1. Filter the stretch 262-306 down to residues that are outside any helix (DSSP H, G or I) and not charged (D, E, K, R) and give me whichever is nearest to the chain's Cα centre (by Cα).
2. Given Ile366, Ile273, Ile284, Ile292, which one is of a type in the set (A, V, I, L, M, F, W, C), at pLDDT 85 or above and open to solvent by 40 Å² or more (accessible area, probe 1.4 Å)?
3. Which residue, of Lys360, Lys369, is outside any loop (DSSP other than H, G, I, E, B) and among the charged types (D, E, K, R)?
4. In the set Leu327, Leu338, which member is outside any strand (DSSP E or B), touching a strand residue (DSSP E or B) at 6+ places or on another chain (Cβ under 7 Å) and not hydroxyl-bearing (Ser, Thr, Tyr)?
5. Quick check: is even one residue across the stretch 153-160 in a helix (DSSP H, G or I), at pLDDT below 85 and more than 20 Å from Gln59 (Cβ to Cβ)?
6. Within the stretch 327-337, track down each residue that is open to solvent by less than 80 Å² (accessible area, probe 1.4 Å) and touching a Ser or Thr at 6+ places or on another chain (Cβ under 9 Å).
7. Give the residue that is modelled with the highest pLDDT, with candidates limited to residues of the stretch 240-270 that are open to solvent by 50 Å² or more (accessible area, probe 1.4 Å) and farther than 23 Å from Val51 by Cβ.
8. Count, please, the residues in the stretch 1-13 that happen to be in contact (Cβ under 8 Å) with a residue 60 or more places away in the chain and closer than 23 Å to Leu215 by Cβ.
Amino acid sequence: MRTVLRGCDELIVQEDFMRAMQVSKNNNKPLRIKLGLDPTAPDIHLGHTVVLNKMRQLQDLGHQVIFLIGDFTAAIGDPSGRNATRPPLTPEQIETNAQTYYAQASMILDPQKTEIRYNSEWCDKLGARGLIQLASRYTVARMIERDDFTKRYKGGIPISVHEFLYPLLQGYDSVMLQSDLELGGTDQKFNLLVGRELQKEYGQKPQCVLTMPLLEGLDGVDKMSKSKNNYIGIKEDPNSMFGKIMSISDDLMWRYYDLLSFKSVDQIAQLKIQAQEGRNPRDIKVELAQEIVARFHNQGAADQALQDFEARFRQGIIPEDLPEIKLGQGPFTMIQVLRDSALASSGSEASRNIQQGGVKVDGQKIADKTLQLSTGSYVVQVGKRKIARVIID
């Protein structure tokens, strides 16, 4: 259970799942654990791996994991977290994306022990009659309880009828797969609970639900998404992956450690103690960047990415006579750093420089105005001419 609960947001119903695990152990019969992903983009990013990592942990415990590619539901578009109707993908887009999904997921899951399914297997067979029968098993009142539907309805934002079908079909997937546990992000909670209700309707034991936190993207604000351009793809080249991880804020770094690192809870706690005792967070971030790059490439690629990063850092940024500016006890926001170090004449100028992409810290462009720098030494550059080593106690 420690493995199951590590990093998770919620387990519904925990007592039921504990009993299911005990029965599984007594009968030597693995639980059926489902994760569905719609192939809405050609690549999987680190945000997807939060739940995939949990899937692998459950797989390593001996349970049967089912990686479900939602090639049918992708044609509808998941309304989760949306304030407008999602444009449906074409069959050609879905097919192209689906071809890469399992190959990339296999970089995390054990492909020899993974059951791969496509929900078109049963959704195509439903037909109009079957779809109507499925829809009869859930009420409009229950559907409109969904938070994003409620907000759109109250705000006068259109909701297409076909969007109501999405959670029904995702729940129907659980019926067809007879899943014992379904995983998803916190934004999927409503859909996952619909699966529980539909399984009851079809005379099955309701699945338990495990939700994982959503990983913030590079901006530290919105969840990681290709549409927000704040993502790190797991197929990106080592240098790109390494550099993007190094660009995140020190605070966000700990979030990435908790959700992405395979280090133990005790090891991460020790790193936090080291940071509090004065170790430069940049060095701790390097450890994370190397771990992630090594996972999706290899250790040699991770070592080379570090060397290339440091070479660019030395050759492209730091002059011999770099001025040092001590700001005192931190943390400081980036706007405070630029203003108090005289690299910007005012807070508004600092904000404008960040927004225009003209600010770098340790060679990495900064896009997040709320980024905070804590204890450590940082090379801060504004444009091509303003540069200083900023020291924070």
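The values are calculated or read from the model by the stated rules, or taken from the named source; none is laboratory data. Here the structure is a predicted model, which is why all the values come from computation and not from measurement. Heads up, the Cβs are rebuilt from the backbone with ideal geometry, glycines too, and the neighbour counts pull from every protein chain shown. Calculation scope for accessible area: heavy atoms of the full protein, side chains included, ligands and nucleic acids excluded. Shrake-Rupley method; radii C 1.70, N 1.55, O 1.52, S 1.80 Å.
1. Phe262
2. On inspection, the qualifying residue turns out to be Ile273.
3. Lys360
4. Answer to the selection: Leu338.
5. The answer is yes, given that some residue of the stretch 153-160 is in a helix (DSSP H, G or I), at pLDDT below 85 and more than 20 Å from Gln59 (Cβ to Cβ).
6. If the condition is that a residue be open to solvent by less than 80 Å² (accessible area, probe 1.4 Å) and touching a Ser or Thr at 6+ places or on another chain (Cβ under 9 Å), then Leu327, Gly330, Pro331, Phe332, Thr333, Met334, Ile335 are the ones that fit.
7. The residue in question is Gln270.
8. Matching residues across the stretch 1-13 total 8.
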